[in-house]
Amino acid sequence: MTTEPISTQPQRKVRNFALLSNRAGAAFMLPAGLLVSVFVIVPFFWVIFVSFTNRTLIGKTALNPDFVGLGNYLALFDPATFFQRGQFGFSLILTTQFVLMSALVGQALLGLLLAWLIQTVPPWIKRITETFVIAAWILPEVVIGFAWFAFLDRDAGTLNMLLTGLGLPPGDFLLQQPFWVIVVFNTWRGAAFSMMLFNSAFSSIPPSYFQAADVAGASSWQKFRDIGLPLIRGHIVTDLILITMWTFNTFTPFLLTNGGPSYRTELVSIYNYRVAFQDFQFGKGAAVGVIMMLINLAFALIYLRLGRKKAPKS
């Protein structure tokens, strides 16, 4: 006796149907693409084009600028005036010093120290510390700038009142030490981001690592050096790249010193503003903008290259 095979129903083919057709998706993307083109792509190429002309706001070159080729770039890097105050070279060197002192030494180091210290304090102290530090980060820059200006004012500033009350001589800090004022100001404001980043990094480390170190009798410095730093090395690199780019482009010190006195705090961003919107040399200002863009591009490429590196296998 033979048995016939049991017939089964044919399996249905499962097809993946797109929620939107290609045309519908393109229609939804069109408004965003137009906005990006109008406000990003077109200005990007327009600035590059203007940097090769002598366009100004007033005069005959306002409507009919002449093509000068690399003239604006050669003028910016002219060895005869490169290191003079008020020139691009002086502002570039000043900005480099500002980034090194404010971002790399100030923000990163202070943020790392605060993030490590609040890991060992009671929770209520940690919350209060985070609240005050984050407040410096989320407040508008104009509010922060005028608050610091009132704090450092020579005649009625809070700092001079405190110094007088302690029997110490007051000082005109915005005139005598303007560079260090903007370094401290930017460090105070920007350390919040580094602290929040490193705080999250330390919180992601398994507590058992530190508990084992406590059993072995390791000190706080040994735990920080041998456990904390190696495990958050990637976060440190990310923080350094980001705050370097932000500090290089910052314009907030203008609210305190207006680039002075005598160009002593004229960073590249403030120099670019003066050339383009006070001296109305749009061609030269566009050239400065292109150079700043290339420097930022270099930082971005470094960040992307470091981000693509795979973590070493344990």
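A few comments on the model shown:
- You will find that of V142, V215, V237, the residue that is within 24 Å of L255 (Cα to Cα) and either under 29 Å from the mean Cα position of the chain (by Cα) or of a type in the set (A, V, I, L, M) (or both) is V142 and no other.
- The stretch 43-81: number of residues that are under 26 Å from the mean Cα position of the chain (by Cα) and part of a loop (DSSP other than H, G, I, E, B): 2
- Looking across the stretch 191-213, the residues that are over 25 Å from L267 (Cα atoms), surrounded by 13 or more Cβ atoms within 10 Å (Cβ to Cβ) and not small (G, A, S) come down to M195, M196, L197, F198, N199, F202, I205, Y209, F210.
- Scanning the stretch 167-181 for residues that are surrounded by 15 or more Cβ atoms within 10 Å (Cβ to Cβ) and touching a helix residue (DSSP H, G or I) at 6+ places or on another chain (Cβ under 6 Å) yields a total of 4.
- Residue check, I241 at pLDDT below 90, buried (at least 17 other Cβ atoms within 10 Å of the Cβ) and either more than 26 Å from F132 (Cα to Cα) or of a type outside the set (A, V, I, L, M) (or both): no
- Helices (runs of 4 or more DSSP H) within the stretch 117-206 that include 2 or more residues within 26 Å of D239 (Cα to Cα): 123-138, 141-152, 178-203
- Identity of the residue in the stretch 77-96, in contact (Cβ under 8 Å) with a residue 60 or more places away in the chain and polar (S, T, N, Q), that ends up farthest from V275 (Cα to Cα): T95
Let's see how each residue does on (1) out of contact with any Cys (no Cβ under 9 Å at 6 or more places or on another chain); (2) under 28 Å from F49 (Cα atoms); (3) buried (at least 17 other Cβ atoms within 10 Å of the Cβ); (4) modelled with pLDDT under 85:
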| site | (1), (2), (3), (4) |
| --- | --- |
| A80 | yes, yes, no, no |
| L109 | yes, no, no, no |
| L114 | yes, no, yes, no |
| T131 | yes, no, no, yes |
| L152 | yes, no, yes, no |
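The values are calculated or read from the model by the stated rules, or taken from the named source; none is laboratory data. This is a predicted model, so every value here is computed, not measured. Neighbour counts run over all protein chains shown; Cβ positions are idealised from the backbone, glycine included.
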